[in-house]
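Right, one structure below, let's go through it.
The values are calculated or read from the model by the stated rules, or taken from the named source; none is laboratory data. Source: prediction; values computed, not measured. Neighbour counts are summed over all protein chains in view; Cβ atoms, including those assigned to glycine, are modelled from backbone coordinates with ideal geometry.
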């Protein structure tokens, strides 16, 4: 199963240094039955893109929680055995949790298929979105508009061989 692991550039640097995305259970996003039902599509590429976007929002939450990391969302796509994934943590979850899964660790970085990162020109919008996230979660429409501004930026695709360059340039 393809999973999308939300990180920050600092988290990616740590994973690169240790060779592990996680040593224990971790939260990721994938095409789950609930995500399929919510998204109302049978197109696997569209569903994978929706799962990637869910992970990008989770990455934004990581940025909002740590003002010291570069303001670029990071998502690592990895292939894991189906048996290592527990889908949708339970009923009554918020829509933002759709597609959320728990992956049994360890998860070596070598299992990564690709890395998706904001471009440098997205940093200002991502920083603003991270700052507005709490208000958006509270129902503030203006803040939701700011958060949506980050979502307007497509994450760039990188091969796993490019991870050293990404973490070196995290500035």
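When only residues in segment 88-100 that are assigned to a loop (DSSP other than H, G, I, E, B) and buried (at least 17 other Cβ atoms within 10 Å of the Cβ) count, which is modelled with the lowest pLDDT? Selected residue: 88.
Would you confirm, using the coordinates I've provided, whether residue 123 is over 22 Å from residue 65 (Cβ atoms) and out of contact with any strand residue (DSSP E or B) (no Cβ under 8 Å at 6 or more places or on another chain)?
no
None of 133, 166 is in contact with a helix residue (DSSP H, G or I) (Cβ under 9 Å, 6 or more places away or on another chain), under 22 Å from residue 17 (Cβ atoms) and either at pLDDT below 90 or assigned to a helix (DSSP H, G or I) (or both) except 166. Within segment 145-159, the set of residues being over 16 Å from the mean Cα position of the chain (by Cα) and surrounded by 17 or more Cβ atoms within 10 Å (Cβ to Cβ) comprises just one member, 146. Only one of the numbered conditions (1) closer than 25 Å to residue 41 by Cα; (2) surrounded by 17 or more Cβ atoms within 10 Å (Cβ to Cβ) is violated by residue 133, and that is (1).
Look at residue 113 and say whether it is loosely packed, with under 15 Cβ neighbours inside 10 Å and either at pLDDT 85 or above or part of a helix (DSSP H, G or I) (or both). The answer is yes for residue 113. Highlighted here are the helices (runs of 4 or more DSSP H) found entirely within segment 1-87 that include at least 3 residues which are in contact (Cβ under 8 Å) with a residue 60 or more places away in the chain and within 16 Å of the chain's Cα centre (by Cα): 9-18, 44-65.
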